[in-house]
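Please treat every number below as a calculation from the coordinates, not as lab data. Just so it is clear, the structure is predicted and the values come from calculations on it, not from any experiment. Ideal geometry is used to build each Cβ from the backbone, glycine not excepted, and the neighbour counts take in all protein chains shown.
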Amino acid sequence: MVAKTKTEALITLQNTGKSYIQPNRQAISILENINLELRVGEIVALLGPSGSGKSTLMRMIAGLIPPSEGKILYHNRPLSGLNPGVAIVFQSFALYPWLTVLENVELGLKAKGVPTDTRRPKALQMIDVIGLDGFENAYPKELSGGMRQRVGFARALAVEPELLCMDEPFSALDVLTAENLRIELLDLWLERRIPTKAVLIVTHGIEEAVLLADRIIVLGRNPGRIRADFPVTLKHYRDRKSANFQAIVDRIYTILTNPDLDTSESETPSVAPEKSTQKKYQSLPAVRIGSVAGLLELLEDRHEKDLYRLGQELQLEVDDLLPIVEAAKLMDFIDLVEGDIGLKPLALEFINGGIDERKQIVRQQLLNHIRLVQQIYNLCRSKQNQRIPEELMLDLLENHFGTEEAQKQLNTAIDWGRYAELYSYNEPAGEIFLEEDALLENSEQLTVNS
């Protein structure tokens, strides 16, 4: 059996990372130990939960931001500054409203110093290829969302990039327009009507990744690391309803919903990543208890427990559904096995309980499983006045998260604790505090549990 040889690597990342220094001089790591090759002839999809650093990674590859650690090679040479072989299509169209379609498409060529007599024919050719012929002199306000995104594609492709980067390019479009544009882009790629040699797409849509990509990379978060890198061998055009298609979708859901899952069967990177010895601080998804309750109630009446089909039924993308699932798992309400979700007995007690019973169950689960809530509660108990400033918690959290994420984590913990009547929050004073009745009741509960 002849081994399959790898195609030429356009871009190589070797132990690449990105971190930022906070005002307290603490380094917050966004990405760590990224080892990756982007090769000629591939569409690569980059998946991961919110906060995993997908867009940051794409911007490093494009040379818009430098890495803090490691190397990025372009054609086996260290990349310095902007990557000359990359063009990006953004989610927000990023068109100049005072310029016509033709003038917007010409911008990239103009920035590269291409003379007018050369750049205009190139821009017109790409406008025709992308399906905007006849709209050269229209302004963005005259175009639909789908047509405006086509202008973004035409502008990126006009400079003939070796690597076309797309940062959630279809997420701002309605479902039908997005699907149409995906298929048209795939047509252009398969028919070799566009000049690019490889495509990197950042997406939060699992189906979109399986539909388009030759390879899928799944990132974890806090910090972002590659958890899986595997090929998709299905032939284009792919049938969403086929068993093989759904098996890949289920595999990705399994990886995303199981942060500790061993993904060693995935393709191994060319450079072995270094192992971090620092234990990760538990990260809370920014969802309300009401959303968790809604998920549990929905699951009670369902025979089908597959997360992929659940997302389809609810018309929720992975970034919308997974945080709710993650919260339910953190509170130990559900089991997750290979992309299937099941209720634990305590979840059924929660569903069938009244308001007070539900609060008591959540209170118990928070004190047993949620570290940040435990810390807030115990710190309040340790103070004579049973109050702590929120700044104290923010200082602690900023040792593990960036400033913005630390605030989100605290907001979530406050919201969960208030629902469970573990503690209260005085926003004007910036204080978290225990109420006497709640303190007595929770102390009795802790004594019983111990």
Have a look at region 305-386 and give its Rg and Dmax from the Cα atoms, expressed in angstrom. 15.7, 51
How would you rank 226-233, 200-207, highest first, on the average number of other Cβ atoms within 10 Å across their residues? 200-207, 226-233
For n ≥ 4 DSSP H runs only, could you compute -39500 (n - 2.57) per run for the chain, divide by its residues and tell me the 222 nm figure to the nearest 500? -13000 deg cm²/dmol
Once the piece of chain linking ARG387 and LYS141 is laid out straight, how much longer is it, given 0.36 nm per residue of separation minus the C-alpha distance between them? 83.2 nm
Of TRP189, TRP416, TRP98, which has the largest mean-square fluctuation in a 10 Å C-alpha GNM of the chain? TRP98
For the chain, convex hull volume per residue from C-alpha positions, Å³: 189 Å³
Mean Cβ-within-10 Å packing, highest first, puts peptides 18-26, 342-350 in the order 342-350, 18-26
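Based on the Cβ-Cβ distance of SER242 and ARG288, what FRET efficiency does E = 1/(1 + (r/R0)^6) give at R0 = 45 Å, to the nearest 0.05?
Values: r = 37 Å, r/R0 = 0.81.
Calculated transfer efficiency: 0.80.
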For the chain, with +1 on Lys and Arg beta carbons and -1 on Asp and Glu, the positive-most of SER50, GLY353, GLY290 along the dipole: SER50
For region 167-207, list residues with backbone N below 18 Å from a point placed 7 Å from the Cα of ASP319 toward its Cβ? 167-176, 178-179, 182, 200-207
Measuring from the lowest to the highest alpha carbon on each principal axis, how far does region 280-352 reach, largest first, in angstroms? 35, 28, 24
Report the calculated FRET efficiency for ASP128 and ASP174 (r = Cβ-Cβ distance, R0 = 25 Å), to the nearest 0.05. 0.50
Approximate spin-label separation GLU404-GLN26, in nm, with each point projected 7 Å along Cα-to-Cβ: 1.8 nm
Multiply the residue gap between LYS235 and ARG192 by 0.36 nm, knock off their C-alpha separation, and tell me the result in nm, one decimal place. 13.9 nm
DSSP loop (so not H, G, I, E, B), at most 15 other Cβ within 10 Å: list which trypsin sites (Lys or Arg not before Pro) in region 132-223 pass both filters. ARG192, ARG193
Restricted to the chain, the DSSP antiparallel beta bridge percent, nearest 5, is 65 percent
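Suppose the chain between HIS369 and GLU8 were pulled fully straight at 0.36 nm per residue; how much longer would it get relative to their current alpha carbon spacing? Mind dumping the intermediate values first?
Values: separation 361, 0.36 × 361 = 129.96 nm, distance 4.76 nm.
This chain segment gains 125.2 nm when fully extended.
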Taking Cα atoms, the helix 243-257 axis meets the longest principal axis of the chain at an angle in degrees (rounded to 10) of 50 degrees
With Rg and the Kirkwood Rh both taken from Cα atoms, where does Rg over Rh land for region 145-192? 0.95
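I need the fraction of alpha carbon pairs in region 84-162 separated by more than 18 Å, rounded to a whole percent. Spell out each step's value before the answer.
Values: 950 of 3081 pairs.
Here the long-distance tail beyond 18 Å is 31 percent of all Cα pairs in region 84-162.
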In nm, to one decimal, how far is the TRP98 label point from the ILE355 one, both placed 7 Å along Cα→Cβ? 5.6 nm
